[in-house]
Amino acid sequence: MINFLPTFLLMIISSALVIINIICSLTLISITGLIKFILPFAPVQRPMRQLADSLLNLWACINTCMISLINKVEWDIKITGDLNKSSWYLLISNHHSWTDIVILFSVFSNKIPLPKFFVKQEIIYIPFVGTACWALDMPFMKRYSKQLLAKKPHLKGKDMESTRKACSKAKLAPTTIVNFAEGSRFTEHKKQQTKSPYQYLLPPKSGGIALSLASMGSTFNKILDVTIIYPDNPDSPFKDLLQGKLKRIVIRVETIEITTELQGDYENDATFKHNFQQWVTSLWQRKDQQIATYNQQK
């Protein structure tokens, strides 16, 4: 642990470690993606997929070591329910900081399959990043706005079709699909902009969760409802992490059974849509209260 060093020096060291880790990982994973693209044969695809996952896991392990090296962090983790690496999970979480992604990998390392994230279709065109996401079989989503659907009604349902296709690879092996239901990192400005009824959260996008459940059908075994809290560093956890000032990370995980009530036609069934929104709202109300409780204890 080197958090006794001056803040500016810790910032330089940690930033350099993060950048080097990202560049090396993206490059190596992208190479596996190029091999998969050039040699689209099953005997090649499977080992390349496993190698890409191993490189992603290595990236996460290095980040975890970096957190411990730079910060004196107290981890407070409570998981309700059993977890295993042979199941399929839909992980729903609040999103407060870039740190969240690193934290999720650290908390669930060797407990569940490697987390994979829904990414926008446009990401595929970003050099290295798009190739790496494709190599890792991240599901690419193509969503159409209400305005576009009004102009081109023939596109209705195409997003569901594209999401099902994107999720098809996730059915080949146990997978964890992560959904940051707020759609963006929480800030006070975004809270006011969205007129959020919550104190520490943005309004959740129920449609994305419903679409994930509908696309994967009965493949998911359970939902993991994750709450990430930085009680002592609520304003800028990522910056504080880089400066060696991150003090405490609180993680609460609840496993939720996937019942028939949680699967339906969100776009066309008004009753299901209303009930599903109510269910997600109740999750977010509990999550907001949970964060409030810990923030008041600091």
Considering only region 115-146, how many residues are under 21 Å from A210 (Cα atoms) and either modelled with pLDDT under 75 or not in a loop (DSSP other than H, G, I, E, B) (or both)?
-> 13
Odd one out for H274, checked against (1) open to solvent by less than 10 Å² (accessible area, probe 1.4 Å); (2) assigned to a helix (DSSP H, G or I) | (1)
Any residue in region 85-114 that's assigned to a helix (DSSP H, G or I): show its pairings with residues that are open to solvent by less than 40 Å² (accessible area, probe 1.4 Å) and not aliphatic (A, V, I, L, M) at Cβ separation under 6 Å, as long as the two are six or more apart or on different chains.
-> T99/P237; V102/N63; L104/P115
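Go over the candidates I70, I77, I62, I38 one by one and state the one that is in contact with a Leu (Cβ under 6 Å, 6 or more places away or on another chain) and either modelled with pLDDT of 90 or more or under 28 Å from Y230 (Cα atoms) (or both).
Going through I70, I77, I62, I38 in turn, the sole match is I70.
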Where residues in region 50-67 are over 23 Å from A16 (Cβ atoms) and without any contact (Cβ under 8 Å) to a residue 60 or more places away in the chain, which of them is nearest to the chain's Cα centre (by Cα)?
-> S54
All positions within region 100-126 that are open to solvent by less than 20 Å² (accessible area, probe 1.4 Å), under 13 Å from F180 (Cβ atoms) and not charged (D, E, K, R) = I103, L104, P115
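To keep it simple, each residue is scored yes or no on (1) basic (K, R); (2) without any contact (Cβ under 8 Å) to a residue 24 or more places away in the chain; (3) surrounded by 17 or more Cβ atoms within 10 Å (Cβ to Cβ); (4) in contact with a Gly (Cβ under 6 Å, 6 or more places away or on another chain).
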{"site": "L10", "(1), (2), (3), (4)": "no, no, yes, yes"}
{"site": "S15", "(1), (2), (3), (4)": "no, no, no, no"}
{"site": "S25", "(1), (2), (3), (4)": "no, no, yes, no"}
{"site": "G33", "(1), (2), (3), (4)": "no, no, yes, no"}
{"site": "A42", "(1), (2), (3), (4)": "no, yes, no, no"}
{"site": "M48", "(1), (2), (3), (4)": "no, no, yes, no"}
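The values are calculated or read from the model by the stated rules, or taken from the named source; none is laboratory data. Given the structure is predicted, the values throughout are model-derived calculations rather than measurements. Positions of Cβ are backbone-derived with ideal geometry, glycine not excepted, and every protein chain shown enters the neighbour counts. When the accessible area is computed, the model is the full protein with side chains, heavy atoms only, and any ligands, DNA or RNA have been set aside. Shrake-Rupley method; radii C 1.70, N 1.55, O 1.52, S 1.80 Å.
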